[in-house]
Amino acid sequence: MAERAPHILQRWADASARFADDNSKMRDVRGYLGVESFGVNAFEAHEGELLVVPHDELGEGEQQEELYLVVEGRARFVCDGETVELRPGELLHARPGVR
């Protein structure tokens, strides 16, 4: 992840610090597997806790697509103001620029 722009790394560090008191977890699957062409992470949180830090991919070359898969439990996402609820086995594809 070191090749990412410093402002992106700082944004995630700041957001992570705000939610440090909950049980949320993120695992760098990309780094563990040595994947270089796309990012892969695993997120885990207890019911009602923030799972993914609210963000968009509009900043300085960060126009990425994101794909979320719910493995267990349920997850609620708000994409550009629209609420999407996912159950195990369901996917959410967020195009570049979606907040």
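Please go through segment 1-25 and give me each residue that is open to solvent by 60 Å² or more (accessible area, probe 1.4 Å) and either modelled with pLDDT of 70 or more or part of a helix (DSSP H, G or I) (or both), ordered by number. I'd like the intermediate steps shown before the answer.
So in segment 1-25, the residues open to solvent by 60 Å² or more (accessible area, probe 1.4 Å) come out as 1-3, 6-7, 9-11, 14, 16-21, 23, 25.
Pro6, His7, Leu9, Gln10, Arg11, Asp14, Ser16, Ala17, Arg18, Lys25, listed by residue number.
Here are the criteria: (1) modelled with pLDDT of 75 or more; (2) more than 11 Å from the chain's Cα centre (by Cα). Tell me which single one Ala42 does not satisfy.
Looking at each condition in turn, Ala42 falls short on (2).
Please count how many residues of segment 32-48 are of a type outside the set (Phe, Trp, Tyr), closer than 15 Å to Leu67 by Cα and part of a strand (DSSP E or B). Don't jump to the end; show me each part of the working.
Filtering segment 32-48 for residues of a type outside the set (Phe, Trp, Tyr) gives 33-37, 39-42, 44-48.
Still in the running and closer than 15 Å to Leu67 by Cα: 37, 39-42.
Now restrict to residues that are part of a strand (DSSP E or B): 42.
Within segment 32-48, residues that are of a type outside the set (Phe, Trp, Tyr), closer than 15 Å to Leu67 by Cα and part of a strand (DSSP E or B) number 1.
Limited to segment 72-87, what total is found for residues that are surrounded by 11 or more Cβ atoms within 10 Å (Cβ to Cβ) and either touching a Leu at 6+ places or on another chain (Cβ under 9 Å) or within 14 Å of Pro54 (Cβ to Cβ) (or both)? Give the derivation first.
Of all residues in segment 72-87, those surrounded by 11 or more Cβ atoms within 10 Å (Cβ to Cβ) come to 73-75, 77, 79, 84-86.
Next, from what is left, pick out any that are either touching a Leu at 6+ places or on another chain (Cβ under 9 Å) or within 14 Å of Pro54 (Cβ to Cβ) (or both): 74-75, 77, 79, 84, 86.
Within segment 72-87, residues that are surrounded by 11 or more Cβ atoms within 10 Å (Cβ to Cβ) and either touching a Leu at 6+ places or on another chain (Cβ under 9 Å) or within 14 Å of Pro54 (Cβ to Cβ) (or both) number 6.
The values are calculated or read from the model by the stated rules, or taken from the named source; none is laboratory data. What you see is a predicted model; the values in this text were computed from it and never measured. When we count neighbours, we look across all protein chains shown, and the Cβ atoms used for this are built from the backbone with ideal geometry, even at glycine. Surface accessibility is based on the protein's heavy atoms, side chains included, excluding ligands, DNA and RNA. Shrake-Rupley method; radii C 1.70, N 1.55, O 1.52, S 1.80 Å.
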